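Note sheet for the following structure.
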Amino acid sequence: MPESVNRIYQGDCISVLRQLARRGFQAQLVFADPPYNIGYQYDVYDDHRDKQEYLQWTRAWVEAVLGVLSPQGTFWLAMGDEHVAEVKQICEAAGLHLRNWVVWYYTFGVHCTKKFSRSHTHLLYFVRDPKRFTFNDREIRVPSARQLVYADARASQEGRVPDNTWILRPPDGPEGTFAPEQDVWYFARVAGTFKERAGFHSCQMPERLLERIILACSHPKDVVLDPFAGSGSTLVVAKKLGRRYVGCELSPQYVEQIQARLKQTRCGDPVEGPQDPLATTPPSFVYYRKRLQLDRDELRQAFREVHEGYSLDRVLADPVLTARLSEECSRRGLPGTLSDWLRELLTMRKNKQLGVPTEKTFRLPAQQLDPVLDAAEVAMARLRARGWTGLDAVLCDPLGCWWFDRIARSLAPGGTSLEYRWAAIQLRKRARRRRERFKKASLPRLNLKAFPLEPESLKQVPCRPAVYALQDGSGKHTFYVGETVNGHARLERVLRTLDAWRAFVPSAKRWRVELAEVEKGKTDVVQLQWVLRRKPPLNFYGEDVLPG
Ligand SMILES: C[S@@+](CC[C@H](N)C(=O)[O-])C[C@H]1O[C@@H](n2cnc3c(N)ncnc32)[C@H](O)[C@@H]1O
């Protein structure tokens, strides 16, 4: 029913859904956030009904939803405390199967003085068929506590499916912030000053919350239905994520505003809210936490015990060695977490107080390092954009490492964490030398080629050292400038992982390449020249990259 989708219907959802059912319309995912019958002010709907009348009405609209829910479809229902128990029973009696009772926890609810303030909403997750339903666990994983707290190298690199309590604000911990051991989502309720706030509806759901539901429970091109569209957030997020969408809304005024919102939204637009799908929580807790008084002798001993003769950088880059360090520090009763210990070790090294000699040199051969250099640089650029201050801040923070590896792996699959992280350390090291050479170097004359990033065009790219710019189809915008010892292999890999690159520049439909073959040993200097001239967003503008 193509004419029935990608639109918002103004009117009562029960009659709209019944009409759609008669036309054979089906939705794979329904997200419903009805009025909770708590006397809320909407412009048309009266949210003050007799309880039995409200439950009767709930029964009617749930049945209307079932009339359009596909046989393997999913139904999410948001509800307040007052009626959630009865509403769950209504849904089960209608034939739905509960998979999760998710609690969405938030702060900054309306303050109450005669009872505890409201700080959660129930999200009931039902499926129609308990054996056949969509649940894309890989789309919604978050780093596990095992990875974050213990930096445990045995933990799954993929992270874990979120818990069934969804925390959208940092809880008010003893230091007014949240601790690293909390595996939380750090994106906010849609408050008054937020960029994502549409401004005409005060029950607006956060885009990030809807993103999690839509990614987990539907596939691209599936139909997502919201019978109580409100501000239209469900439809907006569905459109961004490449789903088809249908909404119903009683209020003509809201409908007009939803239409305007949808018009401004394009498939591939980034989901609003501080959490980026590939780079989440700003590392604020690391910096807000009080500095611990650590026994440096104990810490030095712990490092001596585990470093296997290698430098502190190598330990930082190696998940096996950091996990051992974490165990050793805990065994010695040092207060704090791995981040505290690593940061203290870095400070000791900076002040020349580490006092543990490096006996072994660690090197990765060029054929192992070159294929992951670009991925390591982009990962750093992304984390910098999300608030991590530099490579040390990332490597000291298990959450930073998790996101760093995840981004790097998406762009250059098949590497190890040690390879990605070591590549970033090498980039930082080389940047210092490169800066000096850049100041002195006379730059070579270059023979530039430009071509679309397509398999056919790559045939003309030799397996030789090159500098290249990844650009949009028009060549006006450069996203990334790379250097490599093997232009052909590098671009072939970029082409293979183009979907992952696109996640960072969703607006670019077509990609093109500008490439110059460059004499061996000069690629890094030419890359720096191009970076300075074009300022591409996916290059790492670290303190180490830009000259002076
Ligand atoms: C809690 S709000 C939904 C908020 C929405 N989830 C958002 O993110 O903006 C409930 C909405 O349902 C609408 N509504 C109430 N009764 C309705 C009905 N019978 N059919 C369609 N919409 C209805 C109200 O006008 C209100 O905008």
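Every read-out reported here was derived from the displayed coordinates using simple, explicitly stated rules and does not represent laboratory data. Just so you know, these numbers come straight off a predicted model, no measurement behind them. So basically every Cβ, Gly included, is an ideal-geometry build from the backbone, and we count neighbours across all protein chains shown.
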Plugging the Cβ-Cβ distance of residue 331 and residue 363 into 1/(1 + (r/R0)^6) at R0 = 41 Å yields, to the nearest 0.05, a FRET efficiency of 0.85
Nothing charged except the Cβ atoms of Lys and Arg (+1) and of Asp and Glu (-1): what's the magnitude of the dipole of region 366-534 about its Cα centre? Round to the nearest 20 debye. 600
R0 of 35 Å, Cβ-Cβ distance residue 44-residue 116: FRET efficiency to nearest 0.05: 0.65
I'd like to know which of 306, 218, 255 lies farthest towards the positive end of the charge dipole of the chain, counting +1 on Cβ of Lys and Arg and -1 on Cβ of Asp and Glu. 306
Once the Cα atoms of region 366-534 are picked out, what are the Rg and Dmax in Å? 15.4, 44
How large is the convex hull of the Cα atoms of the chain per residue, expressed in Å³ as a whole number? 176
Set the Förster radius R0 to 30 Å, insert the Cβ-Cβ distance between residue 496 and residue 448 as r into 1/(1 + (r/R0)^6), and round the FRET efficiency to 0.05. 0.80
Residue separation between residue 305 and residue 507 times 0.36 nm, minus their alpha-carbon distance, gives in nm 67.7 nm
How far, in degrees from 0 to 90, does helix 398-411 lean away from the longest principal axis of the Cα atoms of the chain, to the nearest 10? 90
Short version: ³J(HN,Hα) in whole Hz for each residue of region 24-29, in order, from phi by Karplus 6.51 cos²θ - 1.76 cosθ + 1.60 (θ = phi - 60°), x for Gly and Pro, what are they? x, 5, 9, 10, 7, 9
Full-extension gain between residue 131 and residue 165, please, as 0.36 nm times their residue separation minus the C-alpha to C-alpha distance. 9.9 nm
Euclidean distance between Cα centres, region 343-381 to region 67-127, Å: 48
Within region 213-255, find all residues whose amide N lies under 18 Å from a label point positioned 7 Å from the Cα of residue 264 along Cα-to-beta-carbon. 230-241, 253-255
Quick one: dipole size for the chain, taken about the Cα centre, charges +1 on Lys/Arg Cβ and -1 on Asp/Glu Cβ, in debye to the nearest 20. 2140
Principal-axis tilt of helix 487-496 within the chain, Cα atoms, nearest 10 degrees: 10
Run the helix sum for the chain: -39,500 (n - 2.57) per DSSP H stretch of 4+ residues, divided by residue count, reported at 222 nm to the nearest 500 deg cm²/dmol. -12000 deg cm²/dmol
Roughly what % of DSSP beta bridges within the chain run antiparallel, to the nearest 5? 65
Do any GluC sites (Glu not before Pro) in region 482-544 lie in a DSSP loop with no more than 16 other beta carbon atoms within 10 Å, and if so, which? 519, 543
When ranked by the protection proxy of mean other Cβ atoms within 10 Å per residue, highest first, what sequence do the peptides 421-433, 223-235, 494-506 form? 223-235, 421-433, 494-506
Pairs over 19 Å Cα to Cα, from 240/509; 439/522; 439/476; 88/115, come to 439/476; 88/115
Angle between the chain longest axis and helix 338-350 axis [Cα atoms, degrees, rounded to 10]: 30
